[in-house]
Amino acid sequence: MAGVTTDYKPLVLVDTADLPEDEWLEYRRRGIGGSDAAAILGASPFATARDLYYDKLKIVSYEDPENNWVQKKMGHLLEDLVAEIFHVKTGYQIYQIKKMFYHPEYTFMLADVDYFITLPNGETAILEIKTTNYNAKDHWWQDGGEVVPVNYEIQGRHYMAVTNLNHVYYCCLYGNNENEVIIRHIERDRDYEEELIALEGEFWNDHILTRQPPLYVEDGDLIITSVKNHFGAADPNAAAVELSSPNASGAMRYLELQAEKSALNAEIKRIENEMHRLQGRIADEMGRCCTASYSRDGTDYTITYHPIQKSTINKDNLYRLQMQYPEIYEQFVTVSEQRRFYVKKAASNAA
């Protein structure tokens, strides 16, 4: 791998055994950790590169302690158990080194590894512990084949680069027994690693050290959430903004897409109307029955039309609750802010 050291040992930044969480977070801000790397590559489902930039410079933290706190707590509490399951399943010896490491050449690259493994041939490997829910386990398969979710793969390859190790194992618990785990293994890829180091170096040197925020290039919902977290609540009294040329062009493209979407929505509405008309005719024949059947070209089909009941409170009753029982209303009703984005041509230019 040209230009990249291949014979080295990681250096220790800090002993984490008794390190308070707030101090641990401060040490993490001194470089790029494994879970940060996916955001830099635009592959994180949780954060943009701009979020990472804000976090490293202590402008805005994207790790909100109240966001999915139960899931995070469960993951932490189950870590030792999942590691033990991996040991039982594989027979591999596992151990922890409670230190935060950094790369001796690319000192901005940090690694806080869950566990290390002693393989039967005496080689050392990395073990990453993950937990997920039953539905999300599908992220560990693609087109019928076993995979590692891309953000976790990037994390593992970052750790291999820092520690100079050649193997990462993953053990992900998705259920409540030892058979509901996923075990995966990836090997070191020097070409991938070289590109990863280059992109992380660019982020650290060109953005963090120069305090120049990276451009938003990620999924739109992630970007909107990032902007909201950065600026906070809207200010209706703020002066209007004159858009820069790139964003003015973006607004024009937005108008084009808006028209395209309207045309597609009209076609979708036509299709839905036809589907509802057919549904109504079938429901008329079914009457009060919840199932029907028919055969066509040697294949049997079943139609189900089951009732689904759910408790709701409409706008009028919500208002009555506020008026008659304000204490209960305040206790259970939360108010969130959403902003409506709309682009239109000025009336004077419409002719």
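The values are calculated or read from the model by the stated rules, or taken from the named source; none is laboratory data. Remember, it's a predicted structure, so these values are computed and weren't measured experimentally. Here Cβ is always computed from backbone atoms with ideal geometry, including for glycine, and neighbour counts include all displayed protein chains. SASA here: full protein model, heavy atoms, side chains in, ligands and nucleic acids out. Shrake-Rupley method; radii C 1.70, N 1.55, O 1.52, S 1.80 Å.
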With no solvent and one equal point scatterer placed on each C-alpha of segment 199-351, evaluate the Debye formula and give log10 I(q)/I(0) for q = 0.11 Å⁻¹, two decimals. -0.97
In the full protein assembly as shown, how much of Phe86 is accessible to a 1.4 Å probe, in Å² to the nearest 10? 0 Å²
Quick one: 3J(HN,Hα) in Hz for segment 280-286, Karplus 6.51/-1.76/1.60 with θ = phi - 60°, rounded, Gly and Pro as x. x, 5, 5, 4, 5, 6, 6
222 nm mean residue ellipticity, helices alone, for the chain (DSSP H n ≥ 4; -39,500 (n - 2.57); rounded to 500): -13500 deg cm²/dmol
With only Lys, Arg, Asp and Glu charged, each at its Cβ (+1 for the first two, -1 for the last two), find how big the charge dipole of segment 97-142 is about the Cα centre; round to the nearest 20 debye. 160 debye
Nearest-20 debye value, segment 124-172 charge dipole, Cβ charges on Lys, Arg, Asp, Glu: 160 debye
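Which is the longest run of the chain containing none of the trypsin sites (Lys or Arg not before Pro) found in DSSP loop states (not H, G, I, E, B) with at most 13 other C-beta atoms within 10 Å?
Formally, the longest exposed-site-free interval is 99-210.
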Probe 1.4 Å - accessible area at Val217, Å² to nearest ten: 120 Å²
For Leu127, distant residues with modelled amide H under 5 Å away: Tyr115, Phe116, Ile117, Tyr169
Once the dipole of the chain is set up from charges on Cβ (+1 Lys and Arg, -1 Asp and Glu), the residue from the list Gly220, Asn237, Tyr169 lying farthest towards its positive end is Asn237
Just to be sure I understand: of the beta bridges DSSP finds with both ends in the chain, what percent are antiparallel, rounded to 5? 80 percent
How big is the charge dipole of segment 207-351 about its Cα centre, in debye rounded to the nearest 20, if each Lys and Arg gets +1 on its Cβ and each Asp and Glu gets -1 on its Cβ? 300 debye
Give me, ordered by chain and number, the residues 5 or more places off Leu110 or on other chains with an amide H under 5 Å from its own placed amide H. Ile32, Gly33
Pick the calculated semi-axes √(5λ) of the Cα gyration tensor in Å for this structure from [x] 44, 32, 24; [y] 27, 25, 19; [z] 33, 25, 21? [x]
Kirkwood Rh over Cα pairs of segment 98-165 into Stokes-Einstein at 37 °C, 0.692 mPa s: D in µm²/s? 239 µm²/s
On Cα atoms only, tilt of 315-324 relative to the major axis of the chain in degrees: 80 degrees
Once phi is turned into ³J(HN,Hα) by the Karplus curve 6.51 cos²θ - 1.76 cosθ + 1.60 with θ = phi - 60°, what whole-Hz value does each residue of segment 291-298 show in order, with x for glycine and proline? 9, 8, 9, 7, 10, 8, 6, x
